[in-house]
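Where a number appears in this text, it was derived from the coordinates with a stated rule and is not lab data. Keep in mind it's a predicted model, so treat the numbers as computed, not measured. Here the Cβ is made from the backbone with ideal geometry for all residues, glycine too, and neighbour counts use every protein chain on show.
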Amino acid sequence: MRNSGMAQHLRQMRRNWDRRALENARYYVATGQRQWSDDEFYQAGEAELRDHVFNDLGNICQGKNPKSMKVLEIGCGAGRVTAPLARFFGEVHAVDISRHMVRAARHAVSGFPNAFIYHNNGRNLRAIRRAWWHRFGLGPPLQFDFAFSCLVFQHIPSLAVIENYVREVNRLLCPGALFKFQVQGHPEVEPEIEDSWVGVPFDEETARDLALRCGFEMRYQNGAGGQYYWLWFFKVRDAG
């Protein structure tokens with residue numbers, strides 16, 4: 001995708017998700033019900049983590065104490081998963097393309113001083129890098145011990161946009177660290193470019209090729225052929 005085409009597509013995605021956030025942010029984050037109480041919403045986030053994080057701590061923590069780990073979340077929405085992540089890990093940095101979703105997520109993590117939410121341009125993770133520079137200058141480099149994304153890439157109808165995110169995550173992960181994320185796995189589904197709701201479909205070959213191009217090793221997968229296709233991308237360690 002040419003830069004002008006990607007910029008136009010990202011503007012459309014931002015408009016779509018700003019509109020959804022203003023209409024009913026929690027519903028569009030988790031469509032299981034129209035109205036969510038605070039308790040229901042964050043308990044649903046806890047359940048997501050039980051299913052995809054807490055039962056996979058060997059791959060995620062790799063011997064580290066969770067309270068010592070910095071975690072990156074791509075597509076935080078209204079903070080449904082961000083708040084439970086901040087309760088478990090030492091530090092959480094999360095991005096979203098919608099400024100209205102970011103406002104909701106900041107409210108969700110207002111009680112967690114270890115959680116940081118950024119309005120992201122969808123093209124890179126410059127907002128996080130800039131904030132880290134203002135915080136530490138030439139101090140410790142910004143590196144994450146784990147990255148996570150759930151119910152996000154399944155809505156992105158452009159492989160180029162997803163690949164940009166995967167490359168950016170690779171830049172900020174520690175060597176050997178895991179990026180665990182979920183994509184659209186229905187091979188027969190057509191992505192919806194204008195609506196940004198049905199994402200580009202992945203199969204195993206597409207996923208492995210993406211990992212290779214972006215400096216990852218894809219070790220595991222689950223849910224191929226369905227809506228919830230989970231991928232385990234481990235950042236390749238430097239040779240030697």
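With a point put 7 Å past each Cα toward its Cβ, work out how far Ala160 is from Asn59 in nm, to one decimal.
Distance between the two pseudo-spin positions: 3.0 nm.
In deg cm²/dmol and to the nearest 500, what is the mean residue ellipticity at 222 nm of the chain if only DSSP H runs of at least 4 residues count, each as -39500 (n - 2.57), divided by the residue total?
Here the helix-only value at 222 nm equals -13000 deg cm²/dmol.
Local charge sum around Phe136 (other residues, Cβ-Cβ under 13 Å, Lys/Arg +1, Asp/Glu -1)?
Neighbour charge sum, excluding Phe136 itself: +3.
What residues of the stretch 29-46 lie in the reach of a label at Glu192, counting those whose backbone N is under 16 Å from a point 7 Å from the Cα along Cα→Cβ?
Inside the label zone: 29-32.
Only residues of the stretch 185-210 count here: report those whose backbone N is under 15 Å from the spot 7 Å along Cα→Cβ of Asp51, or say none.
185
What percent antiparallel are the DSSP beta bridges of the chain, to the nearest 5? Mind showing how you got there, number by number?
Numbers: 12 of 31 bridges.
Of those bridges, close to 40 percent are antiparallel.
At what distance in nm do the modelled label points of Cys174 and Lys67 sit from each other, each positioned 7 Å from its Cα along Cα→Cβ?
1.7 nm
How would you order 210-222, 114-126 from highest to lowest mean count of nearby Cβ atoms within 10 Å?
Taking the mean over residues of other Cβ atoms within 10 Å, the ranking is 114-126, 210-222.
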